[in-house]
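Single-structure report; data block below.
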Amino acid sequence: MVQEYGADTGNDRAEPRRTGTGSRFRDLLERWRRDTGIWRRGIVLAVCAVLLTLVMAFHAEIPNTIGNLGSLTETFLPWFGVCLPVLLILGLVRRSATALIALLLPVVVWFNFFGGLLLTDKSGSGGELTVATHNVNADNADPAGTARKVADSGADIIALEELPSGRVPAYEAALADRFPYHSVQGTVGLWSKYPMSGTRPVDIKMGWTRAMRSTVKTPKGEVAVYVAHLPSVRVKLHAGFTANQRDDSADALGEAIADERLGKVILLGDLNGTMNDRSLNAVTSQLRSTQGAAGDGFGFSWPASFPMARIDQIMVKGVEPMSSWTLPATGSDHLPIAARVEL
C-alpha cells in the first residue's frame, strides 16, 4: 500500500503540458529546427521573391521599346506590394526558411519606395489657397451635382476636364455664384474666386484644345495656373501599353511650363499617368506633387469604383504644398482631388 501510494505521488509524476501561445510558438520553432528540409523547400518561392525585388528596384531599366512595358510597370508599381503577403503565406505553408529569408528583399525595397506614403501623414495646417481638379467624365449624368460637390471642398480655384460642349452651360450655372471668374478652352475649364488674365489654350499636339493656361491674381500675388488633360492610354494584348500620344503631349506640356515667366506655377489635371511614370518626366521633373509632398496615403483617384492609380494630379512650383486629399465620388469615373498650398 505504501509503495503504491508513493508511486502515485512521487517526483516521477508527469508535469501538465503547457498550452499557452508562447509554448505553441516555441514548439513550432522546435519542429522547424528539427525539419531537415526547411532549407531545401520553397526554392521557387525564393526565386519569385528575388525576381520581384529586381523588378521593383530596377524598374527604370525596363525598356519602353516593347509595348511601353516600363511605363506600365511604373504605373502600377505600388501594387507590387500585394505580392508580399501572398509570398509570406506561401512560405509559411511550405515551411521554407529559404523563401521567408528571401522575402525580406522585396519587403525592404517596397517599404523604401512607398512606406512613407503608407505610414506617414504629411499633411499640415495653414496655406492661403485651396485648389481642386476633376475629370468630370463626358458621360456624367449629373453635371450640376458634380460641380457642386467639387465646389463644396472650399476650393478657391477649380479645374474641370473632359467637358463636352453641350454640358458646359450646366457646369457654368452650378458654379456661377461662387466663382465669378472662369474660362473654358476646348474640353477643359478653370473657375476662380480671383481675377484671371492672360488666359489662352496650350498646344499639347493633339489637334484640339485639351490644355490651357491663365494668370490668377490672388491676394498673395500672381500665380500661373495650367489645366491639362493628356491623351488616354490603353493596355492592349497585341500592342501593350499604348501611350505614345500621351507621351508626346506630356513633352509639349513640359515645354510650355518651362517657358513660363511667372515663378509660381500650379498644374491641375488628368495626366493619364502617375508620378512614377518616366514618360511624364518633362512635367514631373519641373514640379512637385502635392500628394507626395503633403498628402496622406497614396491618394489614388482612378477608377472611382476601386481606385488603383493616381492619374489625376496637382503639381506645383514656387509654392509650398500644405495638404492634399481626395474628395468624395461624383458621377464621374474619376475621384476629384484637392490641395491647399502656401504662396
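For this structure, a couple of remarks:
- Gly189 vs. criteria in contact with a strand residue (DSSP E or B) (Cβ under 9 Å, 6 or more places away or on another chain), surrounded by 14 or more Cβ atoms within 10 Å (Cβ to Cβ) and on the phi < 0 side of the Ramachandran plot: yes
- Screening region 57-83 for residues that are surrounded by fewer than 16 Cβ atoms within 10 Å (Cβ to Cβ) and in contact (Cβ under 8 Å) with a residue 12 or more places away in the chain and picking the one that is farthest from Phe111 (Cα to Cα) gives Ile66.
- Some residue of region 61-70 being out of contact with any Ser or Thr (no Cβ under 6 Å at 6 or more places or on another chain), hydrophobic (A, V, I, L, M, F, W, C) and within 18 Å of Asp277 (Cα to Cα): yes
- Residue satisfying all of: in region 275-308; within 13 Å of the chain's Cα centre (by Cα) and closer than 19 Å to Asn244 by Cα; least open to solvent (accessible area, probe 1.4 Å) among these: Asp277
- Taking region 46-158 as the region of interest, the helices (runs of 4 or more DSSP H) fully inside it that hold 3 or more residues being of a type outside the set (Ser, Thr, Tyr) and under 30 Å from Thr215 (Cβ atoms) are 143-151.
- For region 309-343, a residue qualifies if it is open to solvent by less than 50 Å² (accessible area, probe 1.4 Å), over 15 Å from Gly126 (Cβ atoms) and of a type in the set (Ser, Thr, Tyr), and the qualifying residues are Thr330, Ser332.
- Applying the set (1) closer than 17 Å to Asn135 by Cα; (2) out of contact with any strand residue (DSSP E or B) (no Cβ under 8 Å at 6 or more places or on another chain); (3) not hydrophobic (A, V, I, L, M, F, W, C) to Thr274 leaves exactly one unmet item: (2).
- Count - residues of region 286-299 that are under 25 Å from Ala252 (Cα atoms) and free of Cβ contacts under 8 Å to residues at least 60 places away in the same chain: 6
- Between Tyr181, Tyr194, the distinction of being open to solvent by 20 Å² or more (accessible area, probe 1.4 Å) and either in contact with an Asp or Glu (Cβ under 9 Å, 6 or more places away or on another chain) or modelled with pLDDT under 95 (or both) belongs to Tyr194 only.
- Per-region count, region 110-145, residues polar (S, T, N, Q) and buried (at least 17 other Cβ atoms within 10 Å of the Cβ): 6
- Look at (1) outside any loop (DSSP other than H, G, I, E, B); (2) under 14 Å from the mean Cα position of the chain (by Cα); (3) within 19 Å of His59 (Cα to Cα) and you find that Ser324 fails only one, number (3).
The values are calculated or read from the model by the stated rules, or taken from the named source; none is laboratory data. Only a predicted model underlies this, so the values are computations on that prediction, with no experimental measurement involved. For neighbour counting, all protein chains shown are included, and Cβ atoms are generated from backbone atoms with ideal geometry for every residue, glycine included. Calculation scope for accessible area: heavy atoms of the full protein, side chains included, ligands and nucleic acids excluded. Shrake-Rupley method; radii C 1.70, N 1.55, O 1.52, S 1.80 Å.
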